[in-house]
Amino acid sequence: MIRRAVIFSVAFLLSAGPVPGNANGDAVRGAQKVAACAVCHGAPERPPLPGMPTLAGQQPEFLVLQMFFMREGLRVVPPMAGLLKDFTDRDLEDVAAYFSAQKPSPESSKRDQQIYARGAALSRGMGCGSCHLADYRGQRHIPRITGQREDYLALTLRAYRDDKRTGADTSMNAAMYRATDSDIRDLAHYLAQQ
């Protein structure tokens with residue numbers, strides 16, 4: 001209950017303006033701190049491991065917020081346990097600046113036109129572009145989902161639907177509440193192929 005209250009408080013603060021100090025993130029300093037991150041999340045010359053999100057080109061405010069939640073134990077991600085415990089707020093901003101400056105790698109899976117078309121229709125009907133923007137590049141604390149790994153998108157959308165994950169608020173849980181497994185497959189394929 002306390003965790004949800006903190007998350008809602010942070011979400012409220014984000015709606016009032018940018019994450020304090022986030023504009024000061026330094027990608028050069030961040031590059032010196034990302035060795036452990038790149039093992040799973042990839043590097044310019046190597047894609048992320050299966051099931052891991054690509055962080056390249058991600059919204060810096062989203063990255064700072066998620067790392068803050070993980071560091072403070074407000075979001076539990078077992079592979080991340082303890083990795084951020086010694087990171088200062090400035091370190092989080094620097095790492096976010098590094099990853100947001102990277103160019104995302106295009107999804108390597110082959111497009112299935114039928115699944116893609118169903119995913120496009122679902123995305124329009126569910127209003128994905130209202131928060132993530134029409135081109136799905138995200139904004140501020142809303143993540144970029146265009147070109148995100150298809151396997152990761154499917155896992156994440158399923159976790160929202162099954163109430164095993166929340167964002168800064170519960171809007172994604174509400175959006176995914178009635179989604180079927182095939183809806184999730186179609187959405188993930190469509191979004192990854194942008």
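Scanning the range 106-136 for residues that are in a loop (DSSP other than H, G, I, E, B) and surrounded by fewer than 18 Cβ atoms within 10 Å (Cβ to Cβ) gives P106, S108, S109, K110, R111, D112, G127, L133, A134, D135.
Scanning the range 151-194 for residues that are crowded, with 19+ Cβ neighbours inside 10 Å and either among the acidic types (D, E) or on the phi > 0 side of the Ramachandran plot (or both) yields a total of 1. Listed by first and then second residue, the pairs with beta-carbon distance under 6 Å, at least 6 apart or on different chains, first residue in the range 75-98 and surrounded by fewer than 20 Cβ atoms within 10 Å (Cβ to Cβ), second part of a loop (DSSP other than H, G, I, E, B), are D91/K33.
To keep it simple, each residue is scored yes or no on (1) in contact with a Pro (Cβ under 6 Å, 6 or more places away or on another chain); (2) within 30 Å of G82 (Cα to Cα); (3) in the same structural domain as G30 (by TED's automatic domain parsing); (4) not aliphatic (A, V, I, L, M).
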residue	(1), (2), (3), (4)
E93	no, yes, yes, yes
A121	no, no, no, no
M126	no, no, no, no
S130	no, no, no, yes
L153	no, yes, no, no
Y160	no, yes, no, yes
T180	no, no, no, yes
L187	no, no, no, no
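For the range 137-150, residues that are surrounded by fewer than 17 Cβ atoms within 10 Å (Cβ to Cβ) and at positive phi total 1. Restricting attention to the range 137-176 and to residues that are of a type in the set (A, V, I, L, M, F, W, C) and assigned to a loop (DSSP other than H, G, I, E, B), the residue that is nearest to G73 (Cα to Cα) turns out to be A168. When restricted to residues that are among the polar types (S, T, N, Q) and more than 13 Å from the chain's Cα centre (by Cα), the range 61-88 contains 1.
The values are calculated or read from the model by the stated rules, or taken from the named source; none is laboratory data. Source: prediction; values computed, not measured. FYI the Cβ positions are ideal-geometry reconstructions off the backbone, even for glycines, and counts take in every protein chain you see.
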